[in-house]
Amino acid sequence: MAQALFQSPSMDLSNNSSKASDIFGSQLRSLEIEQTQLRFLDSSKRNPTVRLKALMESPGLAQDTVENKPKVMRVGKEVSDHFKELKHRFLSFKKDKYLSNLEHYKGLAEAQAPKFMVIACADSRVCPSSILGFQPGEAFVVRNVANLVPPHGHGPTETNAALEFAVNSLEVENLLVIGHSCCGGIKALMSLQDEVISSSFTKSWVVLGKPARLQTEAAASDLSFDQQCRHCEKESINRSLMNLLTYPWIEERVIRGKLSIHGGYYDFTDCTFEKWTLDYKGSTMKSDSSCSIKNREFWA
């Protein structure tokens, strides 16, 4: 019969629909399902919403999605809660500080004239405004890993770009480099292997502090690794102070008495702060740069 059907193209199948259904039913249903899946796949490429819906309606395809859904929802809720807290803090700031000092903030909207330029570490535990109480408009701040200042010949970085603006345009009166205890950047510096060339951005950056590391190894080789790191945390600050003098426009203002260079060290294990000032006349710019300091203070 199947042969007769194929041999008679003009035959009317309307009278044989039940037979045709019996013969081709399973094949037609299979073809229909396949075409529907193809349409869904094509639509999902163009429309992510359709794709998501298709995944959710297909137990086999959506298995991973369903299994991961609680985790995704939990992370999303945590992020939402974090921003709710930030929103609350911002609105409190606006009410308690901004609106209460509206004239001051209107003045800042016109211009800024900070007295300090601060180079601090990016570490979340050592925010200079929280530690030293800087208010908006008082300090121009740049933060990087291990609070390093590259020498003038190193090339452009966000740190010397900020220095250029602060010194030449804002004409700040004080440059303050702040280091801190338990610095991960300094630990990475002290752990570097000279013979290893790394693709790590962090290692490529902290290698700028190599002179401080070499001085530490020479002066504190009998100390433990943690003690060497603490020594290097302070030594790297002084190296950065000397690096500041490699910028002609900084040294020129220091010579004229228009700019002072300072170091600071915050120990958050016992909440103490050391402050000192670079003695330009006592410091040298030789290859073995030595840093002379004055006006050292200890705040506890």
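Brief remarks on what is shown
- Per-peptide average of other Cβ atoms within 10 Å, ordering 85-97, 176-188, 254-266 highest first: 176-188, 254-266, 85-97
- All Cα-Cα separations within segment 147-226 were binned at 5 Å from zero, giving a P(r) of 3, 12, 20, 22, 18, 12, 8, 4, 1, 0, each value a whole percent of the pairs.
- Given K115/K281; K77/K106; K87/K115, the pairs whose alpha carbons are separated by over 32 Å: K77/K106
- Binned Cα-Cα distance frequencies in segment 97-213 - 5 Å width, integer %: 2, 10, 18, 19, 18, 13, 8, 5, 4, 2, 1, 0
- Near the amide H of H180, within less than 5 Å, lie the amide hydrogens of Y266, all on another chain or at least 5 residues away, with H placed in the peptide plane.
- Backbone amide hydrogens, once placed in the peptide plane, bring H262 within less than 5 Å of L175, L176, V177, L278, excluding anything fewer than 5 places away on its chain.
- Cβ-defined net charge surrounding E158, 12 Å radius [Lys, Arg +1; Asp, Glu -1]: 0
- Zero-based 5 Å bins, Cα pair distances in segment 142-300, whole percents: 2, 9, 18, 22, 22, 16, 9, 4, 1, 0
- Seen from E233, the other residues with C-beta closer than 10 Å to its C-beta sum to a net charge of +1, counting Lys and Arg as +1 and Asp and Glu as -1.
- For segment 202-300, the Cβ-based charge dipole about the Cα centre amounts to some 460 debye (Lys, Arg positive; Asp, Glu negative; other atoms uncharged).
- In order through segment 211-219: 3J(HN,Hα) via Karplus (6.51 cos²θ - 1.76 cosθ + 1.60), integer Hz, x for Gly, Pro: x, 5, 5, 4, 5, 5, 5, 6, 8
- Counting Lys and Arg as +1 and Asp and Glu as -1 over every other residue whose Cβ lies under 12 Å from the Cβ of E138, the net charge comes to 0.
- Using θ = phi - 60° and Karplus 6.51 cos²θ - 1.76 cosθ + 1.60, couplings along segment 95-107 (whole Hz; Gly, Pro as x): 6, 7, 10, 5, 5, 6, 10, 4, 5, 5, 6, 5, x
- The percentage of C-alpha pairs in segment 224-300 whose separation is greater than 14 Å is 65%.
- Remark: segment 78-93, residue by residue, has Karplus-estimated 3J(HN,Hα) of 5, 4, 4, 5, 4, 6, 4, 5, 5, 4, 4, 5, 5, 5, 5, 4 Hz, where x stands for each Gly or Pro and the curve is 6.51 cos²θ - 1.76 cosθ + 1.60 at θ = phi - 60°.
- Kirkwood analysis of the Cα pair distances in segment 192-254 returns a hydrodynamic radius of 13.2 Å.
- Charge dipole of segment 124-254 about the Cα centre (unit charges at C-beta), most positive-ward option of T159, V254, A219: A219
- A Cβ-based charge dipole, computed about the Cα centre of segment 221-260 with Lys and Arg at +1 and Asp and Glu at -1, lands at about 300 debye.
Throughout, read-outs are computed from the coordinates displayed, never taken from laboratory work. Because the structure is a prediction, the values reported are computed rather than measured. All Cβ positions, even for glycine, are placed from backbone atoms using ideal geometry, and neighbour counts span all protein chains on display.
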